[in-house]
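Here the structure comes first, spelled out in structure tokens, and everything after it is commentary.
The values are calculated or read from the model by the stated rules, or taken from the named source; none is laboratory data. Nothing here was measured: the structure is a model prediction, and the numbers come from that model. Positions of Cβ are backbone-derived with ideal geometry, glycine not excepted, and every protein chain shown enters the neighbour counts. Each accessible area value is taken on the protein alone, full model and side chains, heavy atoms only, with ligands, DNA and RNA left out. Shrake-Rupley method; radii C 1.70, N 1.55, O 1.52, S 1.80 Å.
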Amino acid sequence: MTAPLMSLTWTDHLTGRQGYLVVDRLVRGVSSGGLRMRAGCTLDEVAQLARGMTMKEALHYTPEGRYIPLGGAKGGIDCDPREPGAYELLVRYLRAVRPYVESLWTTGEDLGLSQDLVDRAASEAGLVSSIQAVYPLLDDEVTARRRLADAFAVEVDGIGLDELVGGCGVAESALTALDRAGVACAGARVAVQGLGTMGGATARFLTRAGLTVVAVADIKGTIANPAGLDVEALLAARDAHGTVDRSALRPDDRELPGDAWLSAGAQVLVPAAVSYAIDTTNQERITARWIIEAANMPVLPEAEELLSARGVTVLPDVVVNSATNAWWWWTLFGDIDAGADAAFAHTRRSMRALVEQMLARAERDGTTPRAAAHAIVADRLPVIAERFAWYR
């Protein structure tokens with residue numbers, strides 16, 4: 001793949017903090033990718049994430065679909081989102097990159113930021129919407145925007161549909177891997193790092209599929225119970241950053257160190273929080289059979305090589321967590337209606353087909369699932385480029 005189309009570094013004139021925008025590729029003049037805020041965020045990290053978004057868009061390309069893939073992009077701000085002044089910094093960043101959001105970059109929530117916060121900051125920065133660059137590509141902008149707004153208003157058991165679709169996709173990825181291996185879902189044990197938007201929804205869907213969540217980790221540490229945690233109670237007791245109020249724990253729930261989720265005796269690990277969570281050292285503690293990358297880039301490449309050598313299968317982020325992005329466009333372009341049933345059914349069907357294709361390709365080629373996903377992208381990008389120009 002080629003170098004990014006564009007990358008820029010912004011320096012806040014008040015604090016000296018930096019923000020980044022990388023546009024990896026355009027399709028019909030538009031790119032897609034979220035905006036994250038975390039202390040230590042770097043330009044290289046954002047560039048890798050932008051490349052990942054190009055891959056996610058290509059992986060969900062179907063010639064017959066109304067949703068036409070966009071290019072890949074990503075934004076990042078080097079700041080702890082809990083820090084005083086973080087919101088004001090977000091607004092200044094969006095004001096600085098406003099011309100790009102208006103013309104070629106559609107964005108939304110990512111690590112450290114909720115969609116509500118992005119929407120509020122975008123409005124304060126003078127933007128119509130964080131995804132307004134895609135509006136000229138719509139057949140009926142008014143109807144499409146209303147459909148997406150209706151979808152964002154849907155709640156299922158107290159959680160917004162926009163928060164649930166990503167976890168539905170992660171869970172379906174895990175279920176597909178278990179099914180292919182002939183492992184029964186009932187009683188299979190899971191550990192989840194992060195109980196925010198993605199991790200919380202994933203824990204819910206896996207529990208409802210019959211799996212047992214034996215550990216979850218947040219910023220305060222790991223909560224574990226070999227007999228299974230009450231996931232719904234934990235979801236109800238978390239704050240906006242996914243931190244669980246420990247007063248909601250049951251007497252037999254244990255509080256353990258933050259990294260205890262790695263060795264919690266689970267068959268499936270779901271890193272759903274920060275990037276680079278699993279490295280060459282702590283991977284030695286993992287006894288799980290599968291790692292399902294709900295977060296972006298949670299397993300370092302060197303660690304993945306070591307894990308693969310001892311039989312641990314890593315399902316890559318570019319596939320596993322791609323449903324959130326795809327759901328926006330399925331809804332906006334009109335492949336599905338605004339309801340939860342249509343969203344979950346389409347997500348499950350699409351993710352199962354994609355994971356099956358990836359795992360079958362990996363088996364056929366004798367490679368890892370990540371290498372297989374990259375191979376599928378390499379096949380599709382020329383097709384997309386031939387059908388749709390980079391610019392409008």
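Taking segment 227-282 on its own, how many of its residues are open to solvent by 20 Å² or more (accessible area, probe 1.4 Å) and in a strand (DSSP E or B)?
4
Name, by its number, the condition in (1) in a loop (DSSP other than H, G, I, E, B); (2) over 22 Å from the mean Cα position of the chain (by Cα); (3) modelled with pLDDT of 95 or more; (4) not aliphatic (A, V, I, L, M) that does not hold for Asp335.
Tallying (1) in a loop (DSSP other than H, G, I, E, B); (2) over 22 Å from the mean Cα position of the chain (by Cα); (3) modelled with pLDDT of 95 or more; (4) not aliphatic (A, V, I, L, M), Asp335 fails exactly one: (2).
Determine, yes or no, whether Asp150 is in a loop (DSSP other than H, G, I, E, B), out of contact with any helix residue (DSSP H, G or I) (no Cβ under 6 Å at 6 or more places or on another chain) and surrounded by fewer than 23 Cβ atoms within 10 Å (Cβ to Cβ).
When the stated conditions are applied, Asp150 does not pass them.
Restricting attention to segment 29-48, which residues are open to solvent by 10 Å² or more (accessible area, probe 1.4 Å) and not in a loop (DSSP other than H, G, I, E, B)?
Arg38, Leu43, Asp44, Ala47, Gln48
If Thr287 passes every condition in (1) without any contact (Cβ under 8 Å) to a residue 60 or more places away in the chain; (2) surrounded by fewer than 22 Cβ atoms within 10 Å (Cβ to Cβ); (3) assigned to a helix (DSSP H, G or I) but one, which one does it miss?
Single failed check for Thr287: (3).
Would you mind telling me which numbered condition in (1) free of Cβ contacts under 8 Å to residues at least 60 places away in the same chain; (2) open to solvent by less than 10 Å² (accessible area, probe 1.4 Å) Gly126 fails?
Among (1) free of Cβ contacts under 8 Å to residues at least 60 places away in the same chain; (2) open to solvent by less than 10 Å² (accessible area, probe 1.4 Å), Gly126 violates only (2).
Filter segment 313-342 for residues that are in contact with a Phe, Trp or Tyr (Cβ under 7 Å, 6 or more places away or on another chain) and within 19 Å of Arg180 (Cα to Cα); which is surrounded by the fewest Cβ atoms within 10 Å (Cβ to Cβ)?
Checking each candidate, the answer is Thr313.
Taking only segment 159-201 into account, find how many residues are among the hydroxyl-bearing types (Ser, Thr, Tyr) and open to solvent by 20 Å² or more (accessible area, probe 1.4 Å).
Within segment 159-201, residues that are among the hydroxyl-bearing types (Ser, Thr, Tyr) and open to solvent by 20 Å² or more (accessible area, probe 1.4 Å) number 1.
Among the residues of segment 210-226 satisfying the criterion of being open to solvent by 40 Å² or more (accessible area, probe 1.4 Å) and of a type outside the set (D, E, K, R), which is modelled with the lowest pLDDT?
Ile219
Report yes if some residue within segment 132-144 is loosely packed, with under 15 Cβ neighbours inside 10 Å and in contact with a Lys or Arg (Cβ under 9 Å, 6 or more places away or on another chain); otherwise report no.
Yes, there is a match, as at least one residue in segment 132-144 is loosely packed, with under 15 Cβ neighbours inside 10 Å and in contact with a Lys or Arg (Cβ under 9 Å, 6 or more places away or on another chain).
Does Arg25 qualify as being open to solvent by 10 Å² or more (accessible area, probe 1.4 Å), assigned to a loop (DSSP other than H, G, I, E, B), in contact with a Ser or Thr (Cβ under 6 Å, 6 or more places away or on another chain) and at negative phi?
In short, yes.
Is there any pair linking a residue in segment 221-240 that is without any contact (Cβ under 8 Å) to a residue 24 or more places away in the chain to one that is part of a strand (DSSP E or B), with Cβ under 6 Å and at least six apart or on different chains, and which?
What qualifies is Gly228/Thr212; Ala237/Val244.
In segment 76-106, what residues are open to solvent by 10 Å² or more (accessible area, probe 1.4 Å), in contact (Cβ under 8 Å) with a residue 12 or more places away in the chain and under 28 Å from Leu138 (Cβ atoms)?
The answer is Arg95, Ala96, Arg98, Tyr100, Glu102, Ser103, Leu104.
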